[in-house]
Amino acid sequence: MVDGVGSKVCVVGGGPAGLLSSYVLVNLGFEVSIFEEHREVGIPRHCSGMLSDYVVSSLSGFVKDCVVGRFRSYALILDTHSSFKEVSTLTFNEYVYAVDREKLEKNVYEVLTSSGVDVRLKNKVMEISFNPLRITLESGKYETCDYVVVGEGAVRRLSKSLGFCKSVKNAFGLQAVIKTSKTLEVPYVVLSKFFDKDSFGWVIPLENKEALVGVISRNNLRLRLAYLIKKFLRYEGLRDLNLINVFGGLIPLDTPCSTVIKEHNVIAVGDAASMIKPISKGGLYPITLSIQALRKSVRRGDIDLKLYVENMKSIVSKLRTQHIVKDVVMFFGGYYNLVKLLNEFKVREVKVLKYDDLVLKGMSLISKR
């Protein structure tokens, strides 16, 4: 509990990566200050909030009152000009949970502030400089630090300027919370010939007959979201809906950054280091693994940066392998073509052993009717 006494850590960003890194470091005795540019944590909302059993178990103390649904399967929907139909099912070895991400982040924030952690909202970090190591705020004030943890999210402005990431490529996820007269049973993953080959849509059941409808793309987002909502309503035989909320955010498309540390004690975490699952676009699994690596890297009151890099190697390797899988799928025409092929070969079930690592257990076929 007192390993890090005397070492001050400045955390850039009050999103999940910054908050959870802070939680780990505070519990190891470090003095932590968090600098968040928005007026509160958890905003702007941008994540669908689908988490594996592993992530939920790892973050159990923060997640237990945030779960709004749990599922053992997803329906794969193939959308063409003439049809919108379920062609196969993804089934999982363990539950996948729909989680209120905004509430999750606020839970971590409340634990930190109740412990006396210095959280400075509406404070945007403009620059990180060295000798001495310090951050400069938009107000012109600066803060001297022993370590800086960069958790700025997908924008990666500081990550790029510091040389963590050689390039920064993003897509955008746009989502709408709608309320209908029908309760859905399972999430839909929608593969459409009208989307980019590396894009997809989703419909996730929430509480009280609400659903989260979203698309990921690099262009025409509003049109594609409206199109998906229209097709979904027609498929379910629904005429009316209440539009409750629309939100979105950037999603990194790059492979993990070339390094997660810089000299002078600077560390990049989460989306700021392009640590994201490239197929599902989920970021909390890599964050969960990263904070475990961070915890294991503290030695005698300091963060052992070389040990942290060593502990991160398996995580980076997993994500790079997933990028290779994605690249192969893109080479053969993308997600739509893949699911179309499953349909043509009458694959009605794809069994997933490990949700986060894309480990398949098997496939079930049916004879042609």
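For the reader, a short list of remarks on this structure follows.
- Of all residues in segment 11-33, those satisfying the criterion of being among the small types (Gly, Ala, Ser) and surrounded by fewer than 22 Cβ atoms within 10 Å (Cβ to Cβ) are Gly29, Ser33.
- Taking the criterion of being surrounded by fewer than 16 Cβ atoms within 10 Å (Cβ to Cβ) and either in contact with a helix residue (DSSP H, G or I) (Cβ under 9 Å, 6 or more places away or on another chain) or not polar (S, T, N, Q) (or both), the residues of segment 167-193 that qualify are Ser167, Lys169, Lys179, Lys182, Glu185, Lys193.
- Summed over segment 280-307, residues that are surrounded by fewer than 20 Cβ atoms within 10 Å (Cβ to Cβ), part of a helix (DSSP H, G or I) and either over 19 Å from the mean Cα position of the chain (by Cα) or of a type in the set (Ser, Thr, Tyr) (or both) total 4.
- Filter pass, Val309 being of a type in the set (Val, Ile, Thr) and closer than 20 Å to Thr89 by Cβ: no
- Criterion violated by Val87 - all others in (1) touching a Ser or Thr at 6+ places or on another chain (Cβ under 8 Å); (2) surrounded by 16 or more Cβ atoms within 10 Å (Cβ to Cβ); (3) more than 19 Å from Cys145 (Cβ to Cβ); (4) of a type outside the set (S, T, N, Q) satisfied: (1)
- Residue check for Val155: in the same structural domain as Glu31 (by TED's automatic domain parsing) and either in a loop (DSSP other than H, G, I, E, B) or basic (Lys, Arg) (or both): yes
- In segment 1-65, counting only strands (runs of 3 or more DSSP E) that sit wholly within it, the ones holding 2 or more residues that are closer than 14 Å to Val117 by Cα and more than 23 Å from the chain's Cα centre (by Cα) span 8-12, 31-36.
- Residue identified as within 29 Å of Gly14 (Cβ to Cβ), touching a helix residue (DSSP H, G or I) at 6+ places or on another chain (Cβ under 9 Å) and not assigned by TED's automatic domain parsing to the domain that holds Thr144 among Gly214, Gly270: Gly214
- Number of the condition not met by Cys66 [criteria: (1) buried (at least 18 other Cβ atoms within 10 Å of the Cβ); (2) farther than 21 Å from Lys209 by Cβ]: (2)
- Asn93 vs. criteria more than 19 Å from Trp202 (Cβ to Cβ), out of contact with any Asp or Glu (no Cβ under 9 Å at 6 or more places or on another chain), touching a residue at least 40 places away in the same chain (Cβ under 8 Å) and surrounded by fewer than 16 Cβ atoms within 10 Å (Cβ to Cβ): no
- Checklist (1) modelled with pLDDT under 95; (2) in contact with a helix residue (DSSP H, G or I) (Cβ under 7 Å, 6 or more places away or on another chain); (3) acidic (Asp, Glu) applied to Asp3, failing item: (2)
- Criterion (charged (D, E, K, R), farther than 25 Å from Gly248 by Cβ and at pLDDT below 95) met by exactly one of Lys340, Lys313, Lys361: Lys361
- The residues on offer are Gly116, Gly69, and the sole one that is outside any strand (DSSP E or B) and out of contact with any Cys (no Cβ under 8 Å at 6 or more places or on another chain) is Gly116.
- Inclusion of Ile324 among residues that are within 15 Å of Lys277 (Cβ to Cβ) and either assigned by TED's automatic domain parsing to the domain that holds Ile279 or among the β-branched types (Val, Ile, Thr) (or both) is warranted.
The values are calculated or read from the model by the stated rules, or taken from the named source; none is laboratory data. Since the structure is predicted, the reported quantities are computational estimates derived from the model, not experimental observations. Note that we place each Cβ from the backbone using ideal geometry, even for glycine, and neighbour counts take in every protein chain shown.
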